[in-house]
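To start, the structure itself, in C-alpha cells.
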Amino acid sequence: MPKKMKDPGLFTLPCRLGDSKPFDTLANLGSCANLIPLYLFKKLKIGLLEETDHVFGLADGTKSYRVGIVKNVEVHIGKLKLLEDFYVIDMKKDPATPLLVGRGFLATASVVTGCKKANIAVGEGITRSIFAVKEIDLGARPPYYAKKDFMDYHFLGEWKTARDVELNLF
C-alpha cells in the first residue's frame with residue numbers, strides 16, 4: 001500500500017507579463033479562464049482593454065462582473081514564451097498570487113503537475129522548466145479563488161439558464 005502523502009499545497013508558476021518582474025501565478029485546474037486583477041492590469045500597462053459580455057460566477061456563489069479582456073499578452077515562464085488572453089476583473093488585491101491561469105493556459109504551456117514530488121513542469125524539450133511548489137500562507141481560511149471550483153464563466157444571456165439547470169437537475 002502506498003505511503004500516505006501530505007497535501008503539496010497550491011501550484012504556482014513564476015510568470016512575467018511583458019517586461020514585468022516575475023511574480024507567483026496560481027495554476028488552477030478548476031478555472032476555465034485566465035484572470036488578472038484590475039489594479040495589476042493598470043500597473044503593468046500590458047495592452048488595450050476590450051469589452052466582453054462574460055460574467056464570472058465565483059466559487060463562493062457571488063458574481064463578479066468583468067471589466068474587460070486584454071488579448072495576446074506576452075507571458076514568460078522559465079524559457080517558455082506564450083501569448084495569452086486575460087480577463088480583467090475588479091477583485092480583492094492578493095500580493096501572494098496576483099494572477100490566476102486556467103486549464104487552457106496550462107494545456108498550451110504543456111504543464112504537468114507532480115503531486116508526489118510537489119513540482120510543476122512547464123514546456124517541452126529545450127523550453128522545459130521544472131518548478132517546486134511554493135509554500136503560500138493562506139491563513140486559517142483559504143480565499144475564495146483558492147477553492148477547487150474557483151469560477152466558471154457564462155455569456156450574459158446564459159447566466160439564468162445555467163443557474164436554473166444547476167437548481168433543477170431533472
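Here are the numbers:
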quantity	calculated
Filter pass, Asp53 being farther than 15 Å from Pro98 by Cα and either among the small types (Gly, Ala, Ser) or touching a residue at least 40 places away in the same chain (Cβ under 8 Å) (or both)	yes
Among the residues listed as Gly68, Gly78, Gly57, the single one being modelled with pLDDT of 65 or more, surrounded by 15 or more Cβ atoms within 10 Å (Cβ to Cβ) and in contact with a Leu (Cβ under 8 Å, 6 or more places away or on another chain)	Gly68
Pairs, first at pLDDT 90 or above in segment 89-118, second among the charged types (D, E, K, R), C-beta under 7 Å, six or more apart	Phe105/Glu84; Ser110/Glu124
Candidates Lys160, Lys147, filtered to the one that is basic (Lys, Arg) and either more than 27 Å from Lys4 (Cα to Cα) or modelled with pLDDT of 60 or more (or both)	Lys160
Residue tally, condition part of a helix (DSSP H, G or I) and basic (Lys, Arg), over segment 100-129	1
Members of segment 81-121 that are of a type in the set (D, E, K, R) and surrounded by 15 or more Cβ atoms within 10 Å (Cβ to Cβ)	Glu84, Asp85, Asp94, Arg103
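Here's the yes/no breakdown for (1) touching a Gly at 6+ places or on another chain (Cβ under 9 Å); (2) exposed (fewer than 13 other Cβ atoms within 10 Å of the Cβ); (3) in a strand (DSSP E or B):
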position: Pro2; (1), (2), (3): no, yes, no
position: Met5; (1), (2), (3): no, yes, no
position: Pro8; (1), (2), (3): yes, no, no
position: Pro14; (1), (2), (3): yes, no, yes
position: Asp19; (1), (2), (3): no, yes, no
position: Asp24; (1), (2), (3): no, no, yes
position: Ile36; (1), (2), (3): no, no, yes
position: Tyr39; (1), (2), (3): no, no, no
position: Lys43; (1), (2), (3): no, yes, no
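The values are calculated or read from the model by the stated rules, or taken from the named source; none is laboratory data. Because the structure is a prediction, the values reported are computed rather than measured. In this analysis, Cβ positions are derived from the backbone assuming ideal geometry, glycine residues included, and neighbour counts consider all displayed protein chains.
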